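Encoded as structure tokens, the structure appears first; notes follow it.
The values are calculated or read from the model by the stated rules, or taken from the named source; none is laboratory data. Bear in mind that the values here come from a model prediction, so they are computed numbers and not experimental data. Surface accessibility is based on the protein's heavy atoms, side chains included, excluding ligands, DNA and RNA. Shrake-Rupley method; radii C 1.70, N 1.55, O 1.52, S 1.80 Å.
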Amino acid sequence: MNQEPLGRREEIIDPSTITRWHLTQLLEQPKDGIDEDEERSPFPWRNDLNSKIALWRGNIVKLSIHAITHSTNESIKDDNPTTHELFVSGGRGLVKEVREDIRVCKTGEAKLTKGHSLPARYVIHTVGPRYNVKYVTAAESALYSCYRATLQLCKEANIRSIGFGPIHTLRRNFPPENGAHIAIRTVRRFLEKHLDDLDLVVFCCNDETYEVYKKVLPLYFPRNSQEEEEAIDVLPIDIGNEDGEPVIKDRQIRILDKPIFAAYKAENDDFEQTIDLNKAFEQSQVIDVGHHPFAEMEDDPDIIKTKHLMSRKNSKEVKNMEIRRRYERLLKRAKSEDLTDIAALHCLYRTGIDRMGRPVVVFIGRNFPALSADPEKTLLYLIRVLDPVVDNDYVVVYFHTNTTGNNQPAMAYLKTVYSLLDNRYKKNLKHFYIIHPTWWSKLATWFFTTFAASDIKDKVESMKGVQFLFTKISPDQIDIPQFVQDHDIRVNGARYVVPDPDNPEGL
């Protein structure tokens, strides 16, 4: 009689032993009444969803489940411990199927194989993106595609339970928390639409990722009304579209603005991307003449103009209120979250006052690691530093000294940050001094202030040396790093004369 090696069966994890998410906290009854003015979470508390989720710390290769994910590279032979153990446990059958039937997998795709000797019945191989701050949107969209494609494979192959290991990896420089938001959000949106297609989704973590998932999971799968309310202030600005996919609003194609489609959509609440063009066109032609705008008597032109102006005013007020609410949520997070890693960079800080008595904020370009810094934490730290001073006039000094491409954030990120800051930042900024500019920085500044930040264009001033800055701010009122001063001496000399703006010829 053949026997299994001692201890082998004990290593296999039955998913029935993993606690479901809805059982990890005592439930609370929903509120009797709902305040119509109260802000609602886009991810409300739902126990039917929570009962299909589990957070588990362990080795995904040992999980006895319908399918597990395998985060790998394009050739499906990534050099890491999990991949090595997966193929050793899966045996020659798994190796052969990958080598002969799959061979390659592109970033954002997902490929299905049998599990062979693994406890899991199937393996879904997928390739996560490399992360670069300059191409954040592309990386996030590719990561979303990985999770969405994996879930779609489950639906097509009738896979009822799946173990998700983090597809976003530090090996590819993807920030763990950013990736967790996309992973959990995508699963949430999928379950909202296809609840009956999955019985269990296990987020499989190791010691490094468990605490991250434990922090992010309640934002998208709150377990009571308190967690749902608290999530409103902590959720990121971009929560994706109805499928959880990251969205760039400026690039959305506004098909629904076309009159043919507008009539069709008004009659169909479940309007999606796929429409019957013939039907839409027919409906656009069959219009009740009595209700057609050309058949109606026009109001007095002055009344029409007044209504239009009031409509624009109300729309602007609503927009400003939304911007303010969004900023208040960011400010609350900026005051409560741990941002010591950003503060330790010493790239942004308050110093003294200028010669007009206005507070000065300094940004050191060389100290900012744009390619590796967490963009969301950077924004929160910016708000933490500037919020106390922007109620009144203030000045910003940016030292461009010795910066490289590694220190320069993407233009898209700068535009996003600028749009999230409320009007006080732009209105009360009196001067933005750029010290030691380069030809490239001047071009980038012109482009940004022309097309994204025209309201501060006249406030930006470039200065080729520190001595020029001292005409605006006393030396004892600004903390300047030594490398900036050394560079200034090399470029401009130990002593150089700053022209008097009122007497440029020295007369």
**OP:** Kindly identify segment 320-456 as rounded, prolate or oblate by the Cα gyration tensor criterion: order the square roots of the eigenvalues as a ≥ b ≥ c, call it rounded if a/c is under 1.5, otherwise compare a/b with b/c, prolate if a/b is larger, else oblate.
**Re:** rounded
**OP:** Classify segment 329-381 as rounded, prolate or oblate, taking a ≥ b ≥ c as the square roots of the eigenvalues of its Cα gyration tensor: rounded when a/c is under 1.5, otherwise prolate if a/b is larger than b/c and oblate if not.
**Re:** oblate
Subject >> Exposure of Trp446 as accessible area (Å², to 10), given a probe of 1.4 Å and all protein chains >> reply: 120
**OP:** Would you check the accessible area of Val318, probe 1.4 Å, heavy atoms only, in square angstrom rounded to 10?
**Re:** 90
Original post:
What ranking of Asp455, Asp476 comes out by heavy-atom accessible area, probe 1.4 Å, highest first?
Top reply: Asp476, Asp455
Original post:
Ignoring ligands and nucleic acids, what accessible area does Lys464 show with a 1.4 Å probe (Å², nearest 10)?
Top reply: 130
Original post:
What share of Cα pairs, in percent, lie more than 12 angstrom apart in segment 417-477?
Top reply: 72
Original post:
So how much slack lies between Asp14 and Ala138, counting 0.36 nm per residue of separation and subtracting their Cα-Cα distance, in nm?
Top reply: 41.0 nm
**OP:** With the Cα gyration tensor of segment 67-200 in hand, convert its eigenvalues to equivalent ellipsoid semi-axes via √(5λ) and list them largest first in whole Å.
**Re:** 23, 20, 12
Original post:
What do you reckon, how do His70, His84 stack up by accessible area (1.4 Å probe), largest on top?
Top reply: His84, His70
**OP:** Please work out the Kirkwood hydrodynamic radius for segment 128-189, using every pair of different C-alpha atoms, and report it in angstroms with one decimal place.
**Re:** 12.0
Subject >> Mean-position separation - Cα centroids, segment 140-181 and segment 342-410, in angstrom >> reply: 35
Subject >> segment 425-485, accessible surface, carbon-and-sulfur percent (1.4 angstrom probe) >> reply: 57
Original post:
Per residue and in cubic angstrom, what volume does the convex hull of the Cα atoms of segment 375-464 have?
Top reply: 98
